[in-house]
Amino acid sequence: MSVAGKSQELVRTNIYQRLRSEVLSCVLRPGQQLQERDLVARFQVSKSPIRDALLRLEAQGLVEVLPRKGYRVRRIDIKDVRDMYGLRQILERECITLMIETAPDEVLEGLEAFRAGPLEAGLTAWIEYNRAFHAYIAANCGNGRLARIARDVIEQFDRLTYVSVTSTGEMSLEAYVREHGEIIDAIRARDRRRAVSRAREHIESSRRRVLDRLESLSVVDSDPEGR
């Protein structure tokens, strides 16, 4: 690839990553409309990298096309949230199993960095800590493809956390941190059955909390097909 080609690819990747981060952190809120011309002016680039980024986000279910109107950040679909939690159960079970079977002791010891919650107060610090914990397990499962898929799914949960917590103002972290500690204990003991069980309970606990908060919000589609 030429120098110019590499530069263009870097621009495309940068625009995509920035827009994806803003969708997941709810800087761009669910239901918010997006216009190519506005994004072109904001990022000072041509239409091509903007369109490319929006289409990639559409493929991930984060943005939708509005015929003759532009794009819109996809509202949160309750059925999709349930599907995401089901998928996460499968992915994290496999990541934990492989980590226990293949990772050396020093990698398992690295989990101790997540024993306590974030030093900084606030929702952003919490989300970064939580994402890093689950991403660490995925990254050290020994299967690169599984790790990439798991990381992508884990990152998409950021948006659910932002919406559900900011809608209520409630953010009790103690239970999450305690559950992380139980998972860490089981993984470090290489107790696969206990680790998988604790992770399953942790994900189910999150599912209940998030769905309870999401189901009454205006940014959520309980029936996206209009049935």
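Checked against the criterion of being open to solvent by less than 70 Å² (accessible area, probe 1.4 Å), of a type in the set (D, E, K, R) and within 24 Å of the chain's Cα centre (by Cα), the candidates R56, R12 yield just one match: R12. Here V27 clears all of (1) open to solvent by 90 Å² or more (accessible area, probe 1.4 Å); (2) assigned to a helix (DSSP H, G or I); (3) β-branched (V, I, T) except the condition numbered (2).
Scanning region 60-87 for residues that are of a type in the set (V, I, T) and open to solvent by less than 50 Å² (accessible area, probe 1.4 Å) yields V63, V73, I76, I78, V81.
Tell me whether region 88-99 contains one or more residues that are open to solvent by 10 Å² or more (accessible area, probe 1.4 Å), modelled with pLDDT of 95 or more, closer than 18 Å to L24 by Cα and not in a loop (DSSP other than H, G, I, E, B). Taking every residue of region 88-99 in turn, at least one turns out to be open to solvent by 10 Å² or more (accessible area, probe 1.4 Å), modelled with pLDDT of 95 or more, closer than 18 Å to L24 by Cα and not in a loop (DSSP other than H, G, I, E, B). Checked against (1) in a loop (DSSP other than H, G, I, E, B); (2) under 29 Å from Y136 (Cβ atoms), L19 passes all but a single condition, namely (1).
Selection of first residues in region 194-212 that are over 12 Å from R93 (Cβ atoms) and of second residues that are crowded, with 18+ Cβ neighbours inside 10 Å and not aromatic (F, W, Y), restricted to Cβ pairs under 6 Å at least 6 apart or on distinct chains, gives the following pairs, ordered by first then second residue: R194/A186; V210/L160; V210/S164. Residues in region 112-128 that are in a loop (DSSP other than H, G, I, E, B) and of a type in the set (D, E, K, R): R115, E120.
The requirement of being at pLDDT 90 or above, open to solvent by less than 30 Å² (accessible area, probe 1.4 Å) and of a type in the set (D, E, K, R) is satisfied by D158. Tell me, yes or no, whether region 166-186 has at least one residue that is in a helix (DSSP H, G or I), modelled with pLDDT of 95 or more, farther than 18 Å from E109 by Cβ and among the aliphatic types (A, V, I, L, M). No, there is no match, as no residue in region 166-186 is in a helix (DSSP H, G or I), modelled with pLDDT of 95 or more, farther than 18 Å from E109 by Cβ and among the aliphatic types (A, V, I, L, M). Of all residues in region 124-148, those being among the β-branched types (V, I, T) and either in contact with a Ser or Thr (Cβ under 6 Å, 6 or more places away or on another chain) or modelled with pLDDT under 95 (or both) number 2.
The values are calculated or read from the model by the stated rules, or taken from the named source; none is laboratory data. Since this is a predicted model, take the numbers as computed values, not measurements. So basically every Cβ, Gly included, is an ideal-geometry build from the backbone, and we count neighbours across all protein chains shown. We work out accessible area using only protein heavy atoms, side chains counted, and drop any ligands, DNA or RNA first. Shrake-Rupley method; radii C 1.70, N 1.55, O 1.52, S 1.80 Å.
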